[in-house]
Amino acid sequence: MSVQDESVQASAKIDPNEISVIDIGPVLAGAPRAVEQAASQFHAACTGMGFLFLVNHGIDPEIVARTFEVSRRFFALPPEEKLKVRMNRHQCGYMPPNVSVHRDTFEARETAKTPQASEAFKFTFDLTPDDPDYGKGRRFRGHNKWPDETTVPGLRTAFIDFHVTFEAFARKLLAPLSVSLDLPPAHFDPHFERSSSMTRIACYPRVAEETEVISLPGHLDLSFLSLIPPATKPGLEILTPSGEWIEQPVVPEGLLFNTGITLRNWSNHVYKATPHRVRKDTEGDRHSNIFFLYPNVDARMECLPTCVGPDNPAQYAPITFGEFHADYAARNFSYAEDWD
C-alpha cells in the first residue's frame, strides 16, 4: 500500500474542517518508520485542511522571543527611519502600510484594490564570498537591506538567527513530504540547496472600530511551505474546506504549518494551498513572524510524476522557481519593482 493509500485511511479520522497536530519529534530523532508515519499524516492534512500544527519541533523559544523583541523596536521607529530600508525588487526590506495591493487575494472582488494595512520587514540569507551567486546581482539572492545597527541594536543578528534556525528545521520536513507524495525521501533535497527562502516580520497596527478593513486580506502564500510560531495576539483566520472562516486555534508550543502555491503547483494540485487572512484588531498592535521555505532560484518546477495521470493531467508547464517568484512579485508587489 502506498503512502497516499495509507493517508486515505488516516484522513477518514481527521475532520477536514479541523487542524491536525503532528508530533515531528520521532522524525527529528531518526526513529524507525517515523518518516513514513509522518508522511501519512502530512498527506491527510495537505489534501484536507492545508494547515497543520507541528509539536516537539525542538526550536529554541528564545530565538523566537528575541525576534519579537527587536521587531517591536524596529516598527516603533519613525517612518522616515524605516523608509531608509524600503523594500526593493528582490522583496527585501521594509514594506510600509497602505502601499501593497495583493492582486492574488482570494477575496479579489472586495479587496484587490485595497492596500494592506499591515507593515512588514522581509529578508533572506546574507551571501558569503564563497557562494556562487555572491556579487552577481541575481534576483532574490542576497539583496538584504538592513537598518543601521545603531537604530535597533541586535536586529540583524536576531533576524538571521531566526531565519537560519527555521530554514534548518524546514529542510528536515522535506523527507516526509517527499514520501507523502510517493517519492524517494531525498527527492526534494537538491532543489533546496542554496535556497532563496525568506522571512516576513510583520506588524498589524490597531485599526479603529469604525474602519471597514481587514489587516491582511484572504490570500495564498507563494511558499513551498510556511512556518508560523505563535503571534503576539490572535487574529489569523483560515478558510475551511466547507467555506467558513475560522480563527486559528492555539496549540501551546506548536508551529503552524501550511502549504503554499509552489508546492500546490509542483504537486499538480494534489496538495492544496488554503486561503488565510488577518482580521482587524481594534485593541492593539499584533506582531507575527513567518518563515517561507523557497527552493533555489534555478530549481525546475515540473509537475511531479506521481501527481500526474489520466484523471489529473499536468496543469503547469515547467518553470524555474526564480521565474515563478518574479511573476508572483510582479502581480502582487509591483510597487517595489522600481526601488533599489
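The values are calculated or read from the model by the stated rules, or taken from the named source; none is laboratory data. These numbers come from a predicted model, not from an experiment. In this analysis, Cβ positions are derived from the backbone assuming ideal geometry, glycine residues included, and neighbour counts consider all displayed protein chains.
Odds and ends about this structure:
- Taken over the range 35-77, the residue count meeting the criterion of being part of a helix (DSSP H, G or I), buried (at least 18 other Cβ atoms within 10 Å of the Cβ) and either free of Cβ contacts under 8 Å to residues at least 24 places away in the same chain or among the hydroxyl-bearing types (Ser, Thr, Tyr) (or both) is 4.
- For the range 308-331, the tally of residues that are of a type in the set (Gly, Ala, Ser) and in contact (Cβ under 8 Å) with a residue 12 or more places away in the chain stands at 4.
- Residue count for the range 227-239, restricted to those that are farther than 30 Å from His187 by Cβ and either in contact with a His (Cβ under 6 Å, 6 or more places away or on another chain) or not small (Gly, Ala, Ser) (or both): 6.
- Residue match in the range 226-240 (condition: touching a Phe, Trp or Tyr at 6+ places or on another chain (Cβ under 7 Å), of a type outside the set (A, V, I, L, M) and more than 19 Å from Val21 (Cα to Cα)): yes
- A single entry from Val207, Val164 fulfils the requirement of being at pLDDT 95 or above and either farther than 30 Å from Asn268 by Cα or not in a loop (DSSP other than H, G, I, E, B) (or both): Val164.
- In the set Gly254, Gly235, Gly260, only one residue is small (Gly, Ala, Ser), crowded, with 16+ Cβ neighbours inside 10 Å, touching a strand residue (DSSP E or B) at 6+ places or on another chain (Cβ under 7 Å) and on the phi > 0 side of the Ramachandran plot; that residue is Gly235.
Residues checked against (1) closer than 22 Å to Glu167 by Cβ; (2) hydrophobic (A, V, I, L, M, F, W, C); (3) out of contact with any Cys (no Cβ under 6 Å at 6 or more places or on another chain); (4) not in a loop (DSSP other than H, G, I, E, B):
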{"residue": "Leu183", "(1), (2), (3), (4)": "yes, yes, yes, no"}
{"residue": "Thr199", "(1), (2), (3), (4)": "yes, no, yes, yes"}
{"residue": "Glu237", "(1), (2), (3), (4)": "no, no, yes, yes"}
{"residue": "Gly243", "(1), (2), (3), (4)": "no, no, yes, no"}
{"residue": "Ile246", "(1), (2), (3), (4)": "no, yes, yes, yes"}
{"residue": "Val250", "(1), (2), (3), (4)": "no, yes, yes, no"}
{"residue": "Asn258", "(1), (2), (3), (4)": "yes, no, yes, yes"}
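- Residue match in the range 266-280 (condition: of a type in the set (Val, Ile, Thr), at pLDDT 90 or above, in a loop (DSSP other than H, G, I, E, B) and in contact with a strand residue (DSSP E or B) (Cβ under 7 Å, 6 or more places away or on another chain)): yes
- Of all residues making up the range 89-115, the number that are modelled with pLDDT of 80 or more, more than 20 Å from Thr151 (Cα to Cα) and crowded, with 20+ Cβ neighbours inside 10 Å: 2
- Of everything in the range 24-34 that is in a helix (DSSP H, G or I) and in contact with a helix residue (DSSP H, G or I) (Cβ under 7 Å, 6 or more places away or on another chain), the residue that is surrounded by the fewest Cβ atoms within 10 Å (Cβ to Cβ) is Pro26.
- Residue match in the range 79-88 (condition: under 17 Å from Gly254 (Cβ atoms) and modelled with pLDDT of 95 or more): no
- Flag for Phe121 being in contact with a Phe, Trp or Tyr (Cβ under 6 Å, 6 or more places away or on another chain), modelled with pLDDT of 95 or more, within 15 Å of Ser195 (Cβ to Cβ) and buried (at least 19 other Cβ atoms within 10 Å of the Cβ): no
- Residue match in the range 130-147 (condition: not in a loop (DSSP other than H, G, I, E, B) and not hydrophobic (A, V, I, L, M, F, W, C)): no
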